[in-house]
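Everything below concerns the one structure shown next.
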Amino acid sequence: MPVTARTRYDTVAMSLHWLIAALLIFMLFFGEEIMETEVGGGAFGPSLHVSIGSAILVLSVLRLVWRVINPPPAYSASMAPWERLAATATHVLFYVLLIGIPLTGWLATPKFLRDEDALAGLTLFGAFPLPAAPSLGLPMKGIHEIGSNLGIVLLALHVLAALKHHFLNRDDVLRRMLPFGRAR
Ligand code: HEM
Ligand code: HEM
């Protein structure tokens, strides 16, 4: 039996956290711009948008499956009950957005392609055509955009919380998600 309980996230959880974080931060800030960038009149920018977005969806599903099989360490003992509640709410909402934003984006493609028929050549990683989505008649572009804006707000709260723990409380919350540094 281990003498001390595990206090860090495991290597797979950490790798997926940081890889998805990098991809999502790129999409939150540059997603709209690349969606509007046509290189040589082709669908390069929009294809990059749907490819990175789909990668976020697939990696997040893998991450959730991994999390069910390998539960994360218990919250740091230094965290107050309201902090645990706020952290859990933020993490759950992040997972909802990591899956919901790409799905609403996919559901926004029929109208987008009708409006911009020059971009019918949307591909995933230049390898497969993007599967056709059903037209639900709902304002998917607006929902996709709201999801993305909510993602920016959550990211700000999440990063401020991590920095507060590291620099003000001086506890191990940030180190739990880093492969180096002391973790009690
Ligand atoms: C987490 C990943 C994603 C983020 C953060 C994201 C973010 C955004 C943002 C900020 C916009 C601009 C919205 C506006 O013009 O007001 C946008 C547009 C769009 N996105 Fe995404 N997106 C993601 C994934 C996807 C995926 C996977 C698809 C398709 C499979 C997709 C399809 C679209 C489409 C079609 C538009 C243009 C809608 C239109 O102008 O009619 N997105 N996205
Ligand atoms: C958009 C980018 C990001 C997303 C979507 C994201 C998402 C998440 C999620 C869902 C968790 C909970 C993990 C789980 O239990 O399954 C988590 C944990 C964590 N994240 Fe992020 N994160 C992002 C960026 C960042 C950044 C930039 C930092 C550092 C400044 C950070 C620091 C942490 C830390 C320290 C934890 C562990 C909290 C704990 O359980 O004690 N994250 N993140």
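Couple of notes before you dig in:
- 0 to 90° range, to nearest 10: angle between helix 140-163 axis and the chain longest Cα axis: 20
- Acute angle (nearest 10 degrees) that the helix 11-35 long axis makes with the longest principal axis of the chain, alpha-carbon atoms: 40
- Rounded to the nearest 10 Å², the accessible area of GLU32 at probe 1.4 Å: 130
- Charge dipole of the chain about the Cα centre (unit charges at C-beta), most positive-ward option of HIS91, LEU155, VAL61: HIS91
- A Cβ-based charge dipole, computed about the Cα centre of the chain with Lys and Arg at +1 and Asp and Glu at -1, lands at about 1100 debye.
- List ASP171, ASP10, ordered by accessible area with a 1.4 Å probe, largest first: ASP10, ASP171
- The heavy atoms of ILE146 offer some 110 square angstrom of accessible surface to a 1.4 angstrom probe.
- Note on surface exposure: ARG182, ARG114 rank ARG114, ARG182 by accessible area, highest first, 1.4 Å probe.
- Area of HIS158 that stays accessible when all protein chains are in place (1.4 Å probe, Å², to 10): 60
- Helix-only [θ]222 nm of the chain, DSSP H runs n ≥ 4, -39500 (n - 2.57) each, per residue, nearest 500: -21500 deg cm²/dmol
- Heavy-atom accessible surface of the chain: percent carbon and sulfur, 1.4 Å: 73
- The angle separating the long axis of helix 44-69 from the principal Cα axis of greatest extent in the chain is about 30 degrees.
- Compared with the alpha-carbon gap, the fully stretched path from ARG6 to LEU160 is longer by 53.0 nm at 0.36 nm per residue.
The values are calculated or read from the model by the stated rules, or taken from the named source; none is laboratory data. These figures come from a predicted structure and were not determined experimentally. Note that each Cβ is placed from the backbone with ideal geometry, even for glycine, and that neighbours are counted across all protein chains shown. The protein model used for the area step is the full one, side chains on, heavy atoms only, and it has no ligands, DNA or RNA in it. Shrake-Rupley method; radii C 1.70, N 1.55, O 1.52, S 1.80 Å.
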